[in-house]
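Novice: Questions regarding the structure given below will be posed in turn.
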Amino acid sequence: MSTAALTLQNVVKSYGKNRALDGLSISVPRGSICGLVGPNGAGKTTTYGVVGGFIKPNSGTVDILGAGPFSAEHHRGRVTLLPQDCELSPTMPVRTMLIHFAQLQGLTKNNAQQEADRVLSLVDLTDRAGHRIGQLSHGMRRRVATAQAFLGDPELILLDEPTSGLDPSQVVRLRDLFCAQRGKRTLIISSHILSELEATCDHIILMEE
């Protein structure tokens, strides 16, 4: 088994004349918490898109959990993602949506219900389980989106600006949640604020231009 949860070698992604990723090479150890840091526009979200299979690189190689680039066949339930701009259905009840996501991972209905309750507890939203997404504040919606990334037993979790829009107390609670995953699974957390990641991460990847 590879000791790296994620390896990128010389990955290039261009949009016309703009090169969003210019020969990016990284290796993230399994079981670690890794920070992906850089100013807005540095390529953090593009990197997540490449790893998640949403964006095809122009060149370079991607290996996730020793099973090559992302594929639903090999990585379903093993890799989860919190996008930076995560839009959730405003009319769907919170718990119903999480159960649906868990079943998409392959969990049985009963296990999906248990997982939905578990992750709601992780982000302090058990009392909002029956509320529709559209009734929640921005910070609460962000916490629901974070909760879905912890459904099941993922080996690699990609979190793009997970604390965006949260109040300080919730930032601390999520930081504790992330730290509790150390050694159990691999987390990659992006931010443009280095100090936000200093108390959490074992490794830092700095991206610029």
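The values are calculated or read from the model by the stated rules, or taken from the named source; none is laboratory data. Predicted, not measured: the structure shown is a model, and the values here were computed from it. Here Cβ is always computed from backbone atoms with ideal geometry, including for glycine, and neighbour counts include all displayed protein chains. These accessible areas exclude ligands, DNA and RNA; they are computed on the full protein's heavy atoms, side chains included. Shrake-Rupley method; radii C 1.70, N 1.55, O 1.52, S 1.80 Å.
Novice: For every other residue with a beta carbon closer than 12 angstrom to the beta carbon of residue 112, add +1 if it is Lys or Arg and -1 if Asp or Glu, then tell me the sum.
Specialist: +1
Novice: Tell me the angle of helix 109-122 to the major Cα principal axis of the chain, expressed in degrees between 0 and 90 and rounded to the nearest ten.
Specialist: For 109-122 against the chain, the angle is about 80 degrees.
Novice: I'd like the distance between the alpha-carbon centres of segment 51-85 and segment 140-209, rounded to an integer number of Å.
Specialist: Centre-to-centre distance over Cα atoms comes out at 18 Å.
Novice: Of the listed values (i) 14.6; (ii) 11.4; (iii) 13.5, grab the one calculated as mean projected area of the Cα convex hull in nm² from the structure here.
Specialist: Of the labelled values, this structure produces (ii).
Novice: Which of the trypsin sites (Lys or Arg not before Pro) found in segment 92-187 are in a DSSP loop and have at most 11 neighbouring Cβ atoms, other than their own, within 10 Å?
Specialist: For trypsin sites (Lys or Arg not before Pro) across segment 92-187 that sit outside H, G, I, E and B with at most 11 neighbouring Cβ atoms in 10 Å, the list reads 184.
Novice: So, one more: Could you sort 201, 34 by their accessible area in this structure, using a 1.4 Å probe and putting the largest first?
Specialist: 201, 34
Novice: Can you work out ³J(HN,Hα) from phi for every residue in segment 43-53, in order, using Karplus 6.51 cos²θ - 1.76 cosθ + 1.60 and θ = phi - 60°, giving whole Hz and x for Gly and Pro?
Specialist: Listing the rounded values in order: x, 5, 5, 4, 4, 4, x, 5, 5, x, x Hz.
Novice: What is the calculated FRET efficiency for residue 182 to residue 91, with r their C-beta to C-beta distance and R₀ = 30 Å, to the nearest 0.05?
Specialist: 0.20
Novice: Taking 22 Å as R0, compute the FRET efficiency from the Cβ-Cβ separation of residue 17 and residue 54 and round it to 0.05.
Specialist: Given R0 = 22 Å and the Cβ-Cβ separation, E is 0.50.
Novice: Which of 37, 51, 172 moves most in a GNM of the chain, Cα contacts under 10 Å?
Specialist: Ranking 37, 51, 172 by mean-square fluctuation puts 172 first.
Novice: Please compute the contact order of the chain in relative form: average sequence separation of alpha-carbon pairs under 8 Å and at least six residues apart, divided by the residue count, as a percent.
Specialist: The value is 31 percent.
Novice: By how many nm would the segment from residue 10 to residue 138 grow when fully extended, if each residue of separation counts as 0.36 nm and the alpha-carbon distance is taken off?
Specialist: Extra length available between residue 10 and residue 138 comes to 42.4 nm.
Novice: To the nearest 10 degrees, how steep is helix 138-148 against the longest Cα principal axis of the chain, on a 0 to 90 scale?
Specialist: Result, in degrees: 80.
Novice: Lysines near residue 17 by alpha-carbon distance under 25 Å, same-chain residues fewer than 8 away left out - which ones?
Specialist: In chain and number order, the partners are 44, 56.
Novice: As I understand it, the value is the acute angle between the Cα axis of helix 94-104 and the longest principal axis of the Cα atoms of the chain; what does it come to in degrees, rounded to 10?
Specialist: 50
Novice: Turning to a different aspect of this structure: For labels at residue 153 and residue 126 in the simple 7 Å Cα→Cβ model, what's the distance in nm?
Specialist: Placing both labels 7 Å beyond Cα along the Cβ direction yields 2.3 nm.
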